[in-house]
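Step one of this worksheet: look at the structure below.
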Amino acid sequence: MNRSNYESPLSSRYASEKMQYIFSADKKFSTWRRLWVALARAEMKLGLPVTQEQVNELEAHITDINYELAAKKEQELRHDVMAHIHTYGTQCPVAMPIIHLGATSCYVGDNTDIIIMREGLNLVKDKLVRVLSALAIFSDKYKSLPTLGFTHFQAAQLVTVGKRATLWMNELLQDLDEVEYRITTLKLLGCKGTTGTQASFLELFHGDHEKCKELDRHIAKEMGFEDTVPVSGQTYSRKVDAAVLATLSGIAQSACKFATDVRLLCHLKEVEEPFETKQIGSSAMPYKRNPMRCERICSLARYVIADAANPAYTAATQWFERTLDDSANKRISVPEAFLAVDAILNIYENVASSLVVHEKVIEKHILEELPFMASENIMMDMVRRGGDRQQIHERIRVHSQEAGRNVKEFGLTNNLIDLLAADPLFDLSSEELSAHMEPSRYIGRCPEQVTDYLNDYIRPVLEAHRSAFEEQTVELKV
């Protein structure tokens, strides 16, 4: 490591080695060479003066790239693609005359970008599935554990810990659908020429339009795609990049929502992210257990959400058949978004797999609020016994105000049930009133909703993506 130069924290601290490789120089330039091999092979099959010997020579040198020579050539030629053509040709002297025949720079540049984004999305897909699996285990375990629900971060009706986790999962499931859609709809640029007309190839094939189309089909098949874009300028539409990063932004949004909820629960001391034996929460306050992993998710998510604007602006400002103001921005915005989402999902899986639930604290908080929630059931019970609904409502309102004042002004416990028990209007025994204080009576269909959701939506997805579990859980770097 050269410690005198800047290095992206996404590489040194956050993203996995696998995602870093997908956006590495080795991956990029070896893919350029694979595309040149595919072009040469297709041209040979379609009758152009390309020999099997030349194709074999190109294939033999796909990965042994002389980066020093490439850098020297780029300094001399001021053109990265031409620099790599000359570098490749030095290793492949027999094939040198036919490398890049009929193509423009975007043949290797744009097609490689599509290939790399698809590989990145496939890795993201697997990580999404593993996060869903971790949350499914958590949700099932706590599907019946009552907890305070919150609207406006004010205590509302009870939910369960497991039901809340299904909300996190359902957003990730939407993200997974988006990722799979992107993967299945990505198309190669193919061989479209300098302005998308395939004029150079039409010339090479002596006016044979069918061979121009067949060339695209051959290359798409060799590179693992079903099709190429039907029409283009010199580049594929930059709306593709915008759509891909919008999908990544969606994942960041979902992860940030989860992490924010956990941070709030950590403040309430109800649920915490994992905290290791020797982990330090604060350099100044030894007792602190800061939710640093969830804070990191939120931090990286904010970056991805903002970064998604880059390709959107780029798509909006392209001129006619192409301009080059996309290049420098694209080199940064697309890889960094993938690396950041990769890091987010690494942390998400780590946290979701080891969430700590403090059941006694949850119960304490429920009991502080439950008398207010029980008041509606008590009112209905009284009406069934012949009471006047409006009169009962008013007396409960008055007693609730007093109980609320006791809690807020004097720091006392919620004594609403005691106040109701002492009121002659409420002809209920202490046992009958206490029965209304059972939390499980207020969670509705939460356990059943969790079971149905896991069985109907999550387990089929996990079963369909079993290959996602072949990779071991990523160890966090910091």
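Which of the following residues is in a helix (DSSP H, G or I), of a type outside the set (Lys, Arg), over 14 Å from the mean Cα position of the chain (by Cα) and more than 22 Å from ALA25 (Cβ to Cβ): THR314, THR323?
THR314 is the lone residue from the list that is in a helix (DSSP H, G or I), of a type outside the set (Lys, Arg), over 14 Å from the mean Cα position of the chain (by Cα) and more than 22 Å from ALA25 (Cβ to Cβ).
Out of curiosity, is ARG289 more than 30 Å from SER133 (Cβ to Cβ), surrounded by fewer than 22 Cβ atoms within 10 Å (Cβ to Cβ) and either touching a Leu at 6+ places or on another chain (Cβ under 9 Å) or at pLDDT below 95 (or both)?
Judged against the criteria, ARG289 is not a match.
Mind telling me which of the residues ASP381, ASP418, ASP427 ends up being surrounded by 17 or more Cβ atoms within 10 Å (Cβ to Cβ) and charged (D, E, K, R)?
The unique qualifying residue is ASP381.
A quick yes/no check of all residues on (1) within 35 Å of the chain's Cα centre (by Cα); (2) under 17 Å from GLU376 (Cβ atoms); (3) at pLDDT 90 or above:
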{"residue": "PRO424", "(1), (2), (3)": "no, no, no"}
{"residue": "LEU433", "(1), (2), (3)": "no, yes, no"}
{"residue": "GLU448", "(1), (2), (3)": "yes, no, yes"}
{"residue": "ILE458", "(1), (2), (3)": "yes, no, yes"}
{"residue": "ARG466", "(1), (2), (3)": "yes, no, yes"}
{"residue": "GLU470", "(1), (2), (3)": "yes, no, no"}
{"residue": "VAL478", "(1), (2), (3)": "yes, no, no"}
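Residue by residue through the stretch 319-333, note down the ones that are in contact (Cβ under 8 Å) with a residue 60 or more places away in the chain and of a type in the set (Asp, Glu). Explain how you work it out, then say what you get.
Step one: filter the stretch 319-333 for residues in contact (Cβ under 8 Å) with a residue 60 or more places away in the chain, giving 320-322, 326, 330, 333.
GLU321, ASP326, listed by residue number.
Could you please find all residues in the stretch 151-178 being among the hydrophobic types (A, V, I, L, M, F, W, C), over 23 Å from HIS465 (Cα atoms) and either buried (at least 23 other Cβ atoms within 10 Å of the Cβ) or modelled with pLDDT under 95 (or both)? Quick ask: steps written out before the conclusion?
Kept after step one, since they are among the hydrophobic types (A, V, I, L, M, F, W, C), are these residues of the stretch 151-178: 153, 155-156, 158-159, 161, 165, 167-169, 172-173, 176.
Applying the additional criterion that residues be over 23 Å from HIS465 (Cα atoms) yields 153, 155-156, 158-159, 161.
If the condition is that a residue be among the hydrophobic types (A, V, I, L, M, F, W, C), over 23 Å from HIS465 (Cα atoms) and either buried (at least 23 other Cβ atoms within 10 Å of the Cβ) or modelled with pLDDT under 95 (or both), then PHE153, ALA155, ALA156, VAL161 are the ones that fit.
In the stretch 193-224, how many are buried (at least 18 other Cβ atoms within 10 Å of the Cβ) and either more than 19 Å from THR235 (Cα to Cα) or touching a residue at least 60 places away in the same chain (Cβ under 8 Å) (or both)?
Taking the stretch 193-224 as the starting set, the residues that turn out to be buried (at least 18 other Cβ atoms within 10 Å of the Cβ) are 193, 196, 198, 201, 204-205, 211-212, 215-216, 218-220, 223.
Imposing the further condition that a residue be either more than 19 Å from THR235 (Cα to Cα) or touching a residue at least 60 places away in the same chain (Cβ under 8 Å) (or both) reduces the set to 193, 196, 201, 204-205, 211, 215, 218-219, 223.
Of the residues in the stretch 193-224, 10 are buried (at least 18 other Cβ atoms within 10 Å of the Cβ) and either more than 19 Å from THR235 (Cα to Cα) or touching a residue at least 60 places away in the same chain (Cβ under 8 Å) (or both).
Please work out which one of (1) surrounded by 14 or more Cβ atoms within 10 Å (Cβ to Cβ); (2) closer than 23 Å to LEU128 by Cβ is the condition ARG322 fails and give its number.
Single failed check for ARG322: (2).
Which of (1) within 30 Å of ALA246 (Cα to Cα); (2) modelled with pLDDT under 95; (3) among the aliphatic types (A, V, I, L, M) does ALA343 not meet, given it meets every other one?
The number of the failed condition is (2).
Evaluate the following for ALA136: is it modelled with pLDDT of 95 or more, in a helix (DSSP H, G or I) and surrounded by 22 or more Cβ atoms within 10 Å (Cβ to Cβ)?
Taking the combined requirement at face value, the residue satisfies it.
The values are calculated or read from the model by the stated rules, or taken from the named source; none is laboratory data. Quantities reported herein were computed from a predicted structural model and do not represent experimental measurements. Positions of Cβ are generated from backbone atoms using ideal geometry, with glycine treated the same way; all protein chains shown enter the neighbour counts.
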